[in-house]
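What follows is a set of notes on a single structure, which appears directly below.
The values are calculated or read from the model by the stated rules, or taken from the named source; none is laboratory data. Everything numeric in this text was worked out from a predicted model, so none of it was measured. As a convention, Cβ positions derive from the backbone with ideal geometry for all residues, glycine included, and neighbour counts pool all protein chains shown. Note: areas computed on protein heavy atoms with side chains; ligands, DNA, RNA excluded. Shrake-Rupley method; radii C 1.70, N 1.55, O 1.52, S 1.80 Å.
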Amino acid sequence: MIGPRQEAQAALFYDFSLEDHVPLDHLLRSIDRFVDLSSIRAHLADFYSYNGRPSVDPELLIRMLLVGYCFGIRSERRLCEEVHLNLAYRWFCRLDLKNRVPDHSTFSKMSVVRVLGPIAA
């Protein structure tokens, strides 16, 4: 006998923690113990303008690049997709489930600023 059809209904509230879903022996946990990027904003403050829209957090970009280097993700577009989908990557990048992953073009724009200087961008 076939049971009743299960219909998915979205829950109103979720009790979810990324911390609980990243294995204790995951490579990114080992790296996170030694990586301290808390002072990066102070070092890069002179490169950011006070005008215009808010920039992407430099710590987030560096953490995303570390994920790409460690896991062999060479494409910026692919890196953004992987960080969007992978819970361990989100945890390492300090992104909650509600936080948006930066667009892949952010890395290209960052490279132009690094090479040509903030005025050319």
Open item on the list: Given a 1.4 angstrom probe, what's the average accessible area per residue across the chain, in square angstrom?
Closed with: 80
TODO: Check each of the trypsin sites (Lys or Arg not before Pro) in segment 1-110 and keep only those in coil by DSSP with at most 10 other C-beta atoms within 10 angstrom; list them in order.
DONE: ARG5, ARG74, LYS98, ARG100
- [ ] Inverting the mean 1/r over all pairs of different Cα atoms, compute the Kirkwood radius of segment 1-71 and quote it in Å.
- [x] 16.7
TODO: Quote the accessible area belonging to VAL22 in square angstrom, nearest 10, computed with a 1.4 Å probe and with ligands, DNA and RNA left uncounted.
DONE: 10
- [ ] Count neighbours as other Cβ atoms within 10 Å of each site's Cβ, and list the chymotrypsin sites (Phe, Trp or Tyr not before Pro) in segment 22-73 that are DSSP loop with at most 15 such neighbours.
- [x] TYR48, TYR50
- [ ] Return the FRET efficiency for the residue pair ASP46, LEU97: r is the Cβ-Cβ distance, R0 is 30 Å, and the value is rounded to the nearest 0.05.
- [x] 0.35
TODO: Evaluate the Debye formula for the chain with equal point scatterers sitting on the alpha carbons, no solvent, and hand back log10 of I(q)/I(0) at q = 0.19 Å⁻¹, in q order, two decimals.
DONE: -1.14
Task: Stretch gain in nm, segment ARG53-ASP25, where the contour uses 0.36 nm per residue and the Cα spacing is subtracted - done: 6.2 nm
TODO: Hydropathy first: keep DSSP H helices in the chain averaging at least 1.0 on Kyte-Doolittle, then drop any whose Cα extent along the axis falls short of 18 Å, and list what survives.
DONE: 58-71
- [ ] Could you tell me what percent of the accessible area of the chain is made up of carbon and sulfur, with a 1.4 Å probe and every protein chain present?
- [x] 55
TODO: Would you calculate a helix-derived [θ] at 222 nm for the chain, using -39,500 (n - 2.57) for each DSSP H run of n ≥ 4 and dividing by the full residue count, to the nearest 500?
DONE: -13500 deg cm²/dmol
Open item on the list: Below 14 angstrom from the Cβ of HIS21, what's the summed charge of the other residues (Lys, Arg +1; Asp, Glu -1)?
Closed with: -3
